[in-house]
Protein chains: 2
Amino acid sequence: MPSTDTTETARERILDTAESLFAQRGFDGVTVRQITSAARCNLAAVNYHFGNKKSLYLEVFRSRWVPRAKRLQAHFRANLADQASMRPDAAAVARSLAHTFLAGPMTDEERQRHHQLMSREMGRPTEAFQMVAEDVIRPFFKELAELLRPALPKTVDQEGLSLNLLSILALVLYFNFAREAVTRITGRKYDKAFKDRLVDHIVTFVRNGLGCERMQGEEVT
Amino acid sequence: MPSTDTTETARERILDTAESLFAQRGFDGVTVRQITSAARCNLAAVNYHFGNKKSLYLEVFRSRWVPRAKRLQAHFRANLADQASMRPDAAAVARSLAHTFLAGPMTDEERQRHHQLMSREMGRPTEAFQMVAEDVIRPFFKELAELLRPALPKTVDQEGLSLNLLSILALVLYFNFAREAVTRITGRKYDKAFKDRLVDHIVTFVRNGLGCERMQGEEVT
DNA sequence: TTGACAATAAAACAAATGTTTGATACAAAC
DNA sequence: GTTTGTATCAAACATTTGTTTTATTGTCAA
């Protein structure tokens, strides 16, 4: 639950509450009344401050999601510069990526919210996705590609690189999006041990994937 | 779109249409009116045949999702027996898994529906997930674990195995769940070439992951 | 004090939504 | 032919939901 102090303005409380609820239940799964009552303000406040429900949803991405994504990218660059001063190798990039997304500068609840929102947008893109893809995701992908190109063996093509980056994203998003289900299936809680292990797991995957992807081909019926 | 012949009974048409719409937009994103009008039947038909909307949703899983999941498991076993007569190695299991989930006995649209439904349930489990987890997913996980145990090096523990199986599941689900977004970000359509490459990619990941997961540990701040 | 403006509140509104009702058609059984 | 049970239909019902309206409060400047 977001902090709903009375010190915050109602507008801010609505944004926090809305982000949390939209992340948990999706746009259609949340009512304006649920948002305003959880934010302890009047029903009309949403329409007063944001015009309508859909605009509130977009504003959550503009004023909450995007800034956090940029903070994450900054953390990634700092972390990478820390461990690999000049030309980073593929393993270093993978490690910084995994660390940023899975252990980076967020509380665990914030990370879950962040990735749940993105997961929902990837499942059913709206205007919010358009904005986020152009302003945040695509530039970051390009940055990573240029960072990695000189570090990769020639056997790895552009497509292989894309697939691996997408797979990191997919795993990070999914292991956050599907926490409850993963816990139910495996019986494993999202404690520090499990999350550390997840980082290891993803780092290894990306490193192997980046370095030596091709195998002998797949042609079973 | 599901086949909405008039030869099918209304009940069947409702189930097909409902599965498709629930997969695309989720339970809250679909109205009973949308379902019945797409299935070309009366509004009251849903309540007549299924009691209420929620029961219809559960029935979609019971009479559509679960049988298809069992067909997939059968396909996996047959495919594995085909390529590895006695004791399958880890790579063979990985190959059969990827092939079953990504190219197996379904049309592409059916596969997308299947995995989208599961993705939504993993993001926000309902009664349907409980049923599916107990009756289908957990037994299959156990089967895979027992199949793999003798084929794995001793360095791989139970947790590593679980993580890799979950990761296959996550990648398969995600690359189906998020097709539209993946296409928008990468500019790549889900044509045969891309899907073949995905199979390769996942097979390699799992094989590497299963065989040699541990690396030198991750302790960047 | 007065006037202007931003914020909040309660109430009302119109449309959408899940569900129920009562009538009708139709086929099979007696 | 009558009855019985299933399926379909149009219409209505009761809530829920997003949005609007109107009034009130508090604050700051003139």
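So residue A:54 ticks every box in (1) under 19 Å from residue A:8 (Cα atoms); (2) within 16 Å of DNA strand C (Cβ to nearest atom) but one. Which box is left unticked?
It fails just one condition, (1).
Tell me which residues, restricted to region A:24-34, are within 13 Å of DNA strand C (Cβ to nearest atom) and crowded, with 16+ Cβ neighbours inside 10 Å.
A:27, A:29, A:32
If you go through region B:35-46, how many residues are open to solvent by 10 Å² or more (accessible area, probe 1.4 Å) and aliphatic (A, V, I, L, M)?
4
If I ask for residues that are among the charged types (D, E, K, R) and surrounded by 12 or more Cβ atoms within 10 Å (Cβ to Cβ), which ones from region A:135-155 would you list?
A:135, A:138, A:143
For region A:1-120, please list each of the helices (runs of 4 or more DSSP H) lying entirely inside it that holds at least 3 residues being away from DNA strand D (no atom under 16 Å from the Cβ).
A:10-25, A:66-83, A:90-103
In region A:95-108, how many residues are open to solvent by 30 Å² or more (accessible area, probe 1.4 Å), within 11 Å of another protein chain (Cβ to nearest Cβ) and either within 11 Å of the chain's Cα centre (by Cα) or of a type in the set (Val, Ile, Thr) (or both)?
So the count comes out to 0.
So which residues in region A:156-190 are at pLDDT 90 or above, assigned to a helix (DSSP H, G or I) and open to solvent by 60 Å² or more (accessible area, probe 1.4 Å), if there are any at all?
Residues satisfying the conditions are A:180, A:184.
Looking at this structure, is residue A:198 buried (at least 16 other Cβ atoms within 10 Å of the Cβ) and closer than 19 Å to residue A:79 by Cα?
Answer is yes for this residue.
Take residue B:99 and tell me if it is at pLDDT 95 or above and either out of contact with any helix residue (DSSP H, G or I) (no Cβ under 9 Å at 6 or more places or on another chain) or not acidic (Asp, Glu) (or both).
no
Could you tell me whether any residue of region A:68-88 is within 16 Å of DNA strand C (Cβ to nearest atom) and not aromatic (Phe, Trp, Tyr)?
No: zero hits.
Which one is nearest to DNA strand C (Cβ to nearest atom), of the residues in region B:37-51 that are more than 30 Å from residue B:138 (Cα to Cα) and touching a helix residue (DSSP H, G or I) at 6+ places or on another chain (Cβ under 6 Å)?
Looking at the filtered set, the residue picked out is B:43.
Select, from B:92, B:78, the only residue that is without any contact (Cβ under 8 Å) to a residue 60 or more places away in the chain, surrounded by fewer than 16 Cβ atoms within 10 Å (Cβ to Cβ) and at the interface with another protein chain (Cβ under 10 Å from one of its Cβ atoms).
B:78
Would you check which residues across region A:191-213 are more than 8 Å from chain B (Cβ to nearest Cβ) and part of a helix (DSSP H, G or I) and list them?
Listed by number, the residues that qualify are A:192, A:193, A:194, A:195, A:202, A:206, A:210, A:211.
When both residues are 6+ apart or on different chains and their Cβ atoms are under 7 Å apart, which pairs have a first residue that lies in region A:117-141 and is within 21 Å of residue B:26 (Cβ to Cβ), and a second that is in a loop (DSSP other than H, G, I, E, B)?
A:120/A:26; A:122/B:178; A:123/B:178
Just the residues that are away from chain B (no Cβ under 11 Å) and surrounded by 15 or more Cβ atoms within 10 Å (Cβ to Cβ), please, taken from region A:109-134.
Passing the criteria: A:110, A:111, A:112, A:113, A:114, A:117, A:128, A:131.
If I go through region A:135-156 residue by residue, how many of them are among the acidic types (Asp, Glu) and closer than 13 Å to residue A:62 by Cβ?
1
The values are calculated or read from the model by the stated rules, or taken from the named source; none is laboratory data. Remember, it's a predicted structure, so these values are computed and weren't measured experimentally. Cβ atoms come from the backbone with ideal geometry, glycine included; neighbour counts cover every protein chain shown. Calculation scope for accessible area: heavy atoms of the full protein, side chains included, ligands and nucleic acids excluded. Shrake-Rupley method; radii C 1.70, N 1.55, O 1.52, S 1.80 Å.
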